[in-house]
Each structure stands twice: as C-alpha cells, then as structure tokens.
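Structure record follows, encoded as structure tokens.
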Amino acid sequence: MLTNRGQLSDLRAKCRSSASDEVRRILVCSGTGCVASGATDVYLAFQNALSEASINCSLEFMKDEPGVGLKKTGCHGLCEKAVLVRIEPEGFQYVRVKPQDSEEIVRETIQRGRHIPRLALSSSDGEVYKTTADIPFYRKQKRNVMGRCGQIAADSIYECLAVGGYTALEKALFEMTRQEIIDEIDRSGLRGRGGGGFPTGVKWKQVFAQKTEKKYVVCNGDEGDPGAFMDCSVMEGDPHRMLEGMIIAGLACGADEGYIYVRAEYPLAVARLKLAIAQANELGLLGTDILGTGFNFTIKINRGAGAFVCGEGSALTGSIEGKRGMPRVKPPRTVEHGLFNQPTVLNNVETFANVPLIIENGSEAYRSVGTATSPGTKSFSITGNIENTGLIEVPMGMTLREVIFDVGGGMKGGKKFKAVQIGGPSGACLTEEHFDLPLDFDSLTKVGAMIGSGGLVVADQDACMVELARFFMNFTQRESCGKCVPCREGTKRMLMILERIVSGEGQDSDIENLADLADTIKNTALCGLGKTAPSPVLSTIKNFRHEYEVHIHKKKCPSKTCEKLKFFFVDPDVCTGCTKCSRICPASAISGKAKETFKIDPELCIKCGACLSGCKFGAVKEGW
C-alpha cells in the first residue's frame, strides 16, 4: 500500500528497472479478436518453446528472474491478420501466427535475432514489412489513447507504472487544484467521444458547480453499435488509463464514487477491469486516503444486459439503479440529477482515457493534434468489405479517403468503393463525394452524419443500400425501449416499408412515406436513439434514391443482393425435358412434358434453388 508520493516514485523506478531486465519481449495480442483466433494457444506454445530452449521466461512483472518477457497484451489493431505477435526491441511484427510457429520464432528471432519473412505481412507485389513501423496500416495513425495497447501486459499495473501510468493522477493530486484540473480539460477542447461531441470541460464545470455533498462519476462502456469495439479494446488492453481518467474526474468534480457500465457481452473487458481495480486498490491508488492526500475514490462495475438504449445517459443511470433502462424527459440533465438523483459526470471510455494525456502533457500539447474545434485523436473500428479490418486511431480531421485507402488498404478484392456507414445505426452513409471530408464532429454534422462511437462499416459495389438501411432500421427498431410512440411505432412502420421494398412489394408512395415518418420521428422522439434512428434511411435515399426506385418500380435489386427479388427460369435452348426439375421442386412450381421445355411459375416458386442445383444440364438459371 502506497501512502505518499515518494513511495509511488520509488515503485515506478523499480518497475522501470524490472522492464530493463527483459532482454526481449514477446507481445502476444490477447484482445477478444485474437483470443477468438487462438491467441491463448499461441501464448502457451511460446511458454513451452522457451522452456524447451532453456530460456528463462518472465511472465509476471517484478517477480521473475531477468529473461525474455512473454506478455498477453491488448489489441494491436490489425485484427484482419490475427493472431498478431510483436517482438521487441526489434519491432518485428508477425501475423497469422499459429502455435506451431512458436518454436521457429524462439529459435530464429529470440535466440539469433533473425527476422522470419514468411510470418511477416507483405504487400500484393511481394514487399515484406519487417516492423510495425513499416506497415502502411500504422503509418498515418497516431496512437495516443491506444498507445500502450499492444505494448504492455494488459493485466499488470506494474508494467503500466513502468511506462508512466498514474503520472497524471500524481500531478493532479499534488500539483493542481480542482479548478486548475477542470480549466486544463476545458482549454484542451476535449469533446465527448461517445457520439455527441459535447465539451468535456463544460460538463465537468457544471458538476463542479453543484452544491451537493454527494456526486458520482460514471463511465459509459456500453458500446452497442454493430461492428464497434473501440471502448472494448481500451478496457481490455489498457484499463488503468481509463481508471486514471475517472479518478481525476472524481478529484476535480468532488465525487468519491465511480461506476463503470459495461455490456455483459464483453466478458474479457469485465475480467481485466476487475483485476485492474483490485490492483489499484492494493497499491492505494484507489480507495481511501489516496497517497495520503485525504482524497477517497472507489469504482464499481455494473454489467448491462445488452440493451442498446442504455448507451443513453439517463437510461444508463436508471439501469445502474436497478430500474428498466429507459430514457427520461430532460431537463434536468445528468450533470444536475444523474445517478441516484445526484450530480454526475458521465463520459464514455475513450473520453476518460484522454484525460491523463491532457493532465500529464498539458492542453496545448493536446490541441497540437486534430482540428481547432475537434482536437486530439479518434479511434475507429473498420469493418466490412475493406482490406484491413481492425481498430485504428487517427488525428481528428483526417479525410475519409485517407482512412479508407491509406490506413484501411482499400477495398477487398480490388472492388469499387460504394459507401461507408459511419456512426453506427444512428449514423449515415458517406459516398465517394465525401472522400475529402475531414472526419471531425463539425464537418460530419454539416453533411447530416455523425462520428458516433466511431464505427465504420464499409460497403463495396456489391452492397444493396436499401438492404443496408433495412438492416440498421431492424436493429434500432428491436432496440427501441418502447417508451415513446414516435420511436416505438414509427420505426416499426419504417421497417415494414423497407421489408416490403426488398421483398419486391414496394409501392409508389414508399419513398415519400419513409421521408415523412423519418421527419416525425426525428422531431418528436424522446431520446437520441429515436431522433437519429431514421438517419441511415434518409442518407441512403439521398445518395442512392435510384436503388429504391428500381426496387419499387422494376422489382429488381441492382446489386443482386435481395434474395426475394431473385427469380429462376428455364433456358429453352438448353432444356432437354428430362423432368428432374419438376420432380424435385417442393412447391410444384415447374410444369412441362417429357422431352419438351419446362417452365417455372414465378407465382408458385419459393426460390429455394433446388431446381438450379439439381439440373445437370445447366438449363435452370438465375435472374434478377
């Protein structure tokens, strides 16, 4: 238990000394994606390989003899190439590592310092990228919040201390007043990374000004957008950075208790958060009389049940209180009446993770990255039809073109880019005309989009934008809490229309009806989920109206995606009249006489494809 600043300084020095004892480090990505791809087996294989080679393996920081450090780290970012292994100090980055590769890596790289080209990432023309710095995916990134993810053991507070963890808390406790902390956050221009982009300093000022004895700090780790995993990666890979930000917020605003609301679908994040909290408590960086300053702060974890609406502030706090997660009418705001009806600082994981950077390095250094109105970096998850799916962190204001092509590597299989859905189910789609649009809060708002939590779903030339809109509307409709009529009934009606369109039953008035419903929902829904639910539909109508019209008027899907718009026919020039198609059709939709051309009745056809796969002459064909 650390009771003063001097003891913390001494411990940090010991941690740095222990780090220098590790002649090499094997960093095995152990985020959820890599674990699902076999990272645990790779880690165990390295243990065995090091043991068989009689090499001392340092597993627990500050508890083992000097040797080779073997670490389970957080996400390296390049999830497409899992399992990822990095060797330091050379910086060799190996991809798609299997357990059977461990012996070769130990023999060639650990013992002889040699690089293994076959395990490295290479370009389409054969260029081998030896180190992380060589890989184009990382070149334009600026990993500040995620800077320690993939570099240190995710489960060790000592490794965190060795690389500067809790330095910002130390500075805030001993060198700054509460007002100075808040002013520094305010000057930094940090805006909430959960989607709204509200100035963090303004929020903290409002909570600080409340004249109550009890206040709370709440971290929103619910992250429910499909394809988004930025907050998850911070909680899994560098939980102490987020905890440090929460403690500083409590110190600044006068709160002595914090809650982390994390979705139950993140079991690894929950486990590592629990461990991190226990470690911080054990060292005296959490709990009572932190470092002898008289400041008390505790943190508890609350696991959500997977309701998307609980990402909304009032629904989230209600859920922590044991109520059904439903938003309430505002005002009053959370800063006045939040958790247990007390003033509450509510920010998301990434926002809190930015706080130590600002306090340690100053607001001026923080503002040197990003844009004037959106300083700092933003993490994005890139999924869909793109070459490099994974997690990135880039300066605010980087263009969409740079993100998609320079960092993301362009479209998979050389296909043409069509659109990207940004901001999750509440966001909008961007097209080629937005390639040079800076990705920051204000620029996206001007085109009717939003950063949201940072999910990017990339669609190529084969994607049907009507189906994409239906997919996201189906998600938001199912996640509606049902409290207000516009969201509960309006989204249901919009979904019915979209399902009718992709089923080939679209009506002439459908586009106008969708627009009218969207306008009503946006202006009358109770919370942000409802107000933004129509956005994917409106943006796809705006940018791809012709696709809607072809679906409705011609009953065709230009992208050949909507299964119910597909039809089967018999080519009379190929049909031999063998009768097999009619015999295997479960709907009796095929008629004809032996040795004559058969026909398929589109009214009876259930589009199961049995005739297509059963015709050995290739006479049955697909049409769109």
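Please identify which residues in segment 552-568 have an amide N closer than 15 Å to a label point set 7 Å out from the Cα of L612, following the Cα→Cβ vector.
Only 557-568 fall inside the zone, counting backbone N under 15 Å.
In nm, what is the difference between 0.36 nm times the number of residues separating D442 and K564 and their Cα-Cα distance? If you can, show how the numbers build up before the last one.
Numbers: separation 122, 0.36 × 122 = 43.92 nm, distance 3.99 nm.
Length gained, D442 through K564: 39.9 nm.
Roughly speaking, what % of Cα-Cα pairs in segment 465-554 are separated by over 24 Å, rounded to a whole number? Provide the component values of the computation, followed by the final result.
Details: 515 of 4005 pairs.
Of all Cα-Cα pairs in segment 465-554, 13 percent lie more than 24 Å apart.
For segment 607-617, take each phi angle, set θ = phi - 60°, evaluate the Karplus expression 6.51 cos²θ - 1.76 cosθ + 1.60, and give the result in whole Hz per residue in order, putting x for glycine and proline.
So the Karplus estimates, Gly and Pro as x, are 6, 7, x, 4, 5, 5, 6, x, 7, 7, 9 Hz.
What trypsin sites (Lys or Arg not before Pro) in segment 416-490 are in a loop by DSSP, with at most 15 other Cβ atoms within 10 Å of the Cβ? Don't jump to the answer; show the numbers that get you there.
Values: sites: K416, K418, K446, R470, R478, K483, R488; in loops: K416, K483.
In loop regions of segment 416-490 (DSSP not H, G, I, E or B), the sparsely surrounded trypsin sites (Lys or Arg not before Pro) are K416.
Need one number: nm distance between label points at N523 and Q111, each 7 Å from Cα along Cα→Cβ, rounded to one decimal.
In this crude label model, N523 to Q111 measures out at 7.5 nm.
How big is the convex hull of the Cα atoms of segment 339-421, per residue, in Å³? Can you show the working numbers first?
On the way: hull volume 11.8 nm³, N = 83.
Convex hull volume per residue, Cα atoms: 142 Å³.
Please find the FRET efficiency linking K599 to V202, where r is the Cβ-Cβ separation and R0 is fixed at 56 Å, and quote it to the nearest 0.05.
About 0.20, to the nearest 0.05.
In segment 443-520, what GluC sites (Glu not before Pro) fall in a loop by DSSP, with at most 15 other Cβ atoms inside 10 Å?
E505
Computed from the coordinates I sent, volume of the Cα convex hull per residue in Å³ equals one of (1) 170; (2) 199; (3) 161. Tell me the label.
The value matching this structure is (1).
For segment 465-554, compute the number of Lys pairs whose alpha carbons are separated by less than 16 Å, excluding pairs fewer than 8 positions apart on the same chain.
Value for segment 465-554: 6.
Report the gain in length on full extension from N361 to E180: 0.36 nm times residue separation, minus Cα-Cα distance, nm rounded to one decimal.
Here the answer is 63.8 nm.
Taking H placed 1.01 Å from N in the peptide plane, check which residues at least 5 places from F92 or on another chain put their amide H under 5 Å from its amide H.
Placed amide hydrogens put I87 under 5 Å from F92.
Suppose R0 equals 25 Å. What FRET efficiency, 1/(1 + (r/R0)^6) with r the Cβ-Cβ distance, do S17 and E282 give to the nearest 0.05?
Values: r = 20 Å, r/R0 = 0.82.
Calculated transfer efficiency: 0.75.
Using a 7 Å offset from Cα along Cα-Cβ at E52, what residues in segment 72-114 end up with backbone N under 18 Å from the label point?
Within reach of a label on E52: 97-112.
Any chance you could run the full-extension gain for R333 through S9? It's 0.36 nm times the residue separation minus the Cα-Cα distance, nm to one decimal.
Going from the current span to full extension adds 112.6 nm.
Suppose we keep just the DSSP beta bridges with both residues in the chain; what percent of those would be antiparallel, to 5?
Expressed as a percentage, antiparallel bridges in the chain total about 55.
Straight-line reach only, C-alpha to C-alpha below 19 angstrom: list the aspartates and glutamates that K621 could link to, leaving out same-chain residues fewer than 8 apart.
E563, D571, D573, E596, D601, E603
From the helices alone, meaning DSSP H stretches of at least four residues, give me the mean residue ellipticity at 222 nm for the chain, per-run term -39500 (n - 2.57), in deg cm²/dmol to the nearest 500.
Computed ellipticity for the chain at 222 nm equals -10500 deg cm²/dmol.
May I ask you to list, by number, the DSSP H helices of the chain whose Cα span along the axis is at least 15 Å and whose average Kyte-Doolittle hydropathy reaches -1.0 or more?
5-20, 39-52, 239-253, 267-283, 349-361, 465-479, 485-502, 510-524, 535-549
Any read-out appearing in this document is the output of simple, stated calculations on the displayed coordinates, not a laboratory observation. Because the structure is predicted, anything quoted here is derived from the model rather than measured. Cβ sites come from the backbone with ideal geometry, for glycine too, and all protein chains shown count toward neighbours.
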